[in-house]
Structures are given as structure tokens and as C-alpha cells.
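Peer 1: Questions regarding the structure given below will be posed in turn.
Derivation of every value follows stated rules applied to the coordinates shown; laboratory data play no part. Please read all numbers here as calculations on a predicted model, not as lab measurements. As a convention, Cβ positions derive from the backbone with ideal geometry for all residues, glycine included, and neighbour counts pool all protein chains shown.
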Amino acid sequence: MTLDPLNLIAILGMAVVTYFTRLAGLALAGRLDLSPRAQAAFDAIPPAVLIAVIAPSALATGWAETGAAVIAALAATRLPLLGVVGVGVVAVVALRAVI
Amino acid sequence: MSALDDARLGFSDIWPAMVAAIPVGLLLGALAAGKGLSPLEVFLMGAFVFAGGAQFAAVELWTSPAPVWALVFSTLLINARHILMSASVVPKLNGFSTFQKLLGLYYMADENWALAEKRARSRALSPAYWFGMAVPFVCCWLTTTTLGAIIGAAFGDPKRLGADFAFTALFIALTASFWKGRVTFWTVAAAGIASALTYKLVGAPWHVAAGAICGLLAAWLAAGDQDEAQPATEGAQS
């Protein structure tokens, strides 16, 4: 059971900003009136960040990874979360063996 | 209705989401172990942060030593949706004491927020119902992520079985769950290209900020076209 001080600082920093977002409603309730455009930008935050995090792995690693990402994206239109993970992992193992 | 019955009702509403989160929690723990995080660190992250998407993104970005600012920034961005969610749910917390509000909101996640909103449409949202959902949900997440870290550490290098790609596939699936048509398409295209280019030309962890900002800009621009055509959408959506 190890606890690295820098890891603990990172975890606490993550906790502080997360709690801030959850408490913000106490101050904002009833006062938040976003334009449709601002609302669209707000709604786009999760997909923008998720894709920004994985883009190097999906687009800048190799053809096997890019191919498997395309297959996973196709699977995501049909399958639940874990199904997509299963398809993606099998695809990358298969493509790495071939390419 | 007694508080105990109400808490039971909360539990019976949350348990399908809880069961669905079991393999996800195990996966997060195993991937975190692959990045060198100890089971204790995984447990503390779950207990303090308790936000699945942000925790997955953090584990993917984690290196040794930890890139603290990149981790905090990515967490803030991914969890920014909580601002809209809490703004929408807070007026429904009438029966809560201040302490119950502060504690209850600490563990507000997508699933229990959505169920609380649903409940508030038919009946008053009680603290018993809220904590009847939240307590088992949090306990399940902490147990499965910690267990995943212990099992994952025993397995060794996750790259061996293609498990390093599990993140990429998982994030693609999560993105699909946030899909809202054309605007999301331009968001994803801009975020992906900007992030990959920044990663190649500048390096980690700048690709996250560059990709996220370009994705948001694209959403802002794409949504502008339909501003007049579409009436205002209401409240928070996750």
C-alpha cells in the first residue's frame, strides 16, 4: 500500500475542482440562463475532452490503432459500453498481429 | 412513507446502474494499476473525486511523476457539466439541511443526478431517497475500482492483451453516449485533429487543452447556424 505524495496532491486537486463544479449549483440555481449557442458549447465539453485525451492513441500511434478506433466507433453505434470495449480490444490485438 | 422505505426506493432505482458500473470499476482499477497507481491511491481517488469519466481520463494521462496541472485541468473540464446539473437539481433539495446538501452534492454523479431529477418530477426529493441511492452506489464504485487495482497489479503489463487500447475504445463509446448529431460531429472532428497534431508537434500533456478548446470552438460555430432555427433547449442535460 503505497501513497506517493505527488499522486495524493493530484488526487486532492482533482477532488477540489470536482466539488467546485458540484457545489456551483448552490450559487447559480435559478440564475443560469444560457443562450442556445452557449448551451451547445457546454454540452460539447465531455465529448471534446474525451476525444482530445484519446486522439494521440487513436490517430498518432499506428495503423492498427487507427483501424481499431474506426471499428470501435462503428460498434459504438450499436453496442453498449463494455461491448464496444471488447470489440475495440479484440480488433487492436488482431490488427497488431496482421500489420 | 417512512424514511427507511424511501431509502429502499432509492436503492431499488439505483441498483441497475450499480450493476452496470461493476465491470467499468474493475476496468478502471486494472488500468490504473497498469499506470503504476497503488490500490490505496485508486481507492482515495474514488472516494475524493467520484467521477467515472474524469477518473478514466486522469488514469490515461497519468505518468510518473504525476502531471498535476494536466490532471486537474482535464478533470475540471470533464466535470464542468456538473455546474449545469447541480444548478438544475439544487432548487429541488428543499427537504435537505445545509449539511445534507453539502454531503449529497459531493457524490452527485450522472446516474444518481438523472434519477433524482426523475423522482423530483413526480414527488418531493427526500434526503432518505438521495442517500439511499448514493451510499450503495459510492460503496460499489470504491469496492470495484480498488479490487480492479489489486487484480490488475497481479496481471502485469496491460499492453500484452491489448488492454492499453481499452481506454480508446471506452472513450469512443462514452463519446457516442453524449452524441447530439451534427454539433457533436464537428466537436469530435476538431478535437481529434487538433489533439493529434498538438501531440505530434508539441507533445503531452498540451494535446488535451488544445483539443478540448478547438472542440468547444467548433461546437460554438456549428451551433450558430441553427440558433434561429431551433428554440432554446432547457436546463442541464448530461
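Peer 1: Which of B:V59, A:V92, B:V68, B:V19 has the fewest other C-beta atoms within 10 Å, and how do the rest follow up to the most?
Peer 2: With the fewest neighbours first, B:V59, A:V92, B:V68, B:V19 line up as B:V19, B:V68, B:V59, A:V92.
Peer 1: While we're looking at this one, here's another question. Please report the net charge: other residues with Cβ closer than 12 Å to the Cβ of B:V59, K and R +1, D and E -1.
Peer 2: -2
Peer 1: Hey, another quick one. If I take every Cα pair under 8 Å that is 6 or more residues apart in chain B, average their sequence separation and divide by the length, what percent do I get for the relative contact order?
Peer 2: 31
Peer 1: Next up: If you take every residue apart from B:A32 with its C-beta less than 12 Å away from the C-beta of B:A32, what net charge results, scoring Lys and Arg +1 and Asp and Glu -1?
Peer 2: Here the count lands on -1.
Peer 1: In addition: Need one number: nm distance between label points at B:S97 and B:A154, each 7 Å from Cα along Cα→Cβ, rounded to one decimal.
Peer 2: Each label point lies 7 Å from its Cα, and together they span 4.3 nm.
Peer 1: Sticking with this one: Using alpha-carbon pairs under 8 Å, 6+ residues apart, how would you state the relative contact order of the range B:179-224 in percent?
Peer 2: Answer for the range B:179-224 is 48 percent.
Peer 1: Here is a follow-up. Please list, by residue number, everything in the range A:45-70 whose backbone N is under 16 Å from a paramagnetic label point 7 Å out along Cα→Cβ of B:A204.
Peer 2: A:50-62
Peer 1: Tell me the Rg and the Dmax, in Å, that the Cα atoms of the protein assembly as shown produce.
Peer 2: Taking only Cα atoms of the protein assembly as shown, I get Rg and Dmax of 19.7, 63 Å.
Peer 1: Assuming a ≥ b ≥ c are the square roots of the Cα gyration tensor eigenvalues, decide whether the range B:81-222 counts as rounded (a/c under 1.5), prolate (otherwise, with a/b larger than b/c) or oblate.
Peer 2: Verdict is oblate for the range B:81-222.
Peer 1: Something else now. Taking R0 as 41 Å, what's the FRET efficiency between B:D5 and A:A27 from their Cβ-Cβ distance, rounded to 0.05?
Peer 2: Details: r = 33 Å, r/R0 = 0.81.
That pair, B:D5 with A:A27, gives E of 0.75.
Peer 1: Specify the inter-centroid distance of the range B:78-135 and the range A:1-73, based on alpha-carbon positions, in whole Å.
Peer 2: 21
Peer 1: Around A:A68, with a cut-off of 12 angstrom between Cβ atoms, what is the net charge of the other residues, counting Lys and Arg +1 and Asp and Glu -1?
Peer 2: Local charge sum for A:A68: -1.
Peer 1: Counting other C-beta atoms within 10 Å, which of B:W62, B:W15, B:W130 has the fewest, and how do the rest follow?
Peer 2: On the way: B:W62 22, B:W15 14, B:W130 29.
Starting with the residue having the fewest Cβ neighbours, the order is B:W15, B:W62, B:W130.
Peer 1: For B:K118 and B:L221, FRET efficiency with R0 = 30 Å and r from the beta-carbon atoms, rounded to 0.05?
Peer 2: 0.35
Peer 1: Kindly point out which whole DSSP H helices in chain A project their C-alpha atoms 27 angstrom or further along the helix axis while averaging a Kyte-Doolittle hydropathy of 1.0 or above.
Peer 2: A:5-28
Peer 1: With the cut-off at 1.5 for a/c, could you classify chain B from its C-alpha gyration tensor as rounded, prolate or oblate?
Peer 2: Cα axes put chain B in the oblate bin.
Peer 1: Given a cut-off of 15 Å, what percent of all Cα-Cα pairs of the range B:179-224 lie beyond it?
Peer 2: On the way: 392 of 1035 pairs.
Within the range B:179-224, distances greater than 15 Å cover 38 percent of Cα pairs.
Peer 1: Any chance you could check the Cα centroid distance between the range B:1-58 and the range B:144-223 for me, in angstrom?
Peer 2: Between the Cα centre of the range B:1-58 and that of the range B:144-223, the gap is 20 Å.
Peer 1: Also, quick follow-up: Using 1/(1 + (r/R0)^6) with R0 = 22 angstrom and r between the beta carbons of A:S35 and B:R182, what's the FRET efficiency to the nearest 0.05?
Peer 2: 0.75
Peer 1: Would you mind calculating the relative contact order of chain A from Cα pairs under 8 angstrom and at least 6 residues apart, reporting the percent as a whole number?
Peer 2: 19
Peer 1: Could you compute how fast the range A:5-98 diffuses translationally, taking Rh as the Kirkwood radius over C-alpha pairs and applying Stokes-Einstein at 25 °C with viscosity 0.890 mPa s? Give it in µm² per second.
Peer 2: Diffusion coefficient, whole number: 148 µm²/s.
Peer 1: By count of other Cβ within 10 Å, fewest leading, how are B:D110, B:D164, A:D43, B:D5 ordered?
Peer 2: B:D5, B:D110, B:D164, A:D43
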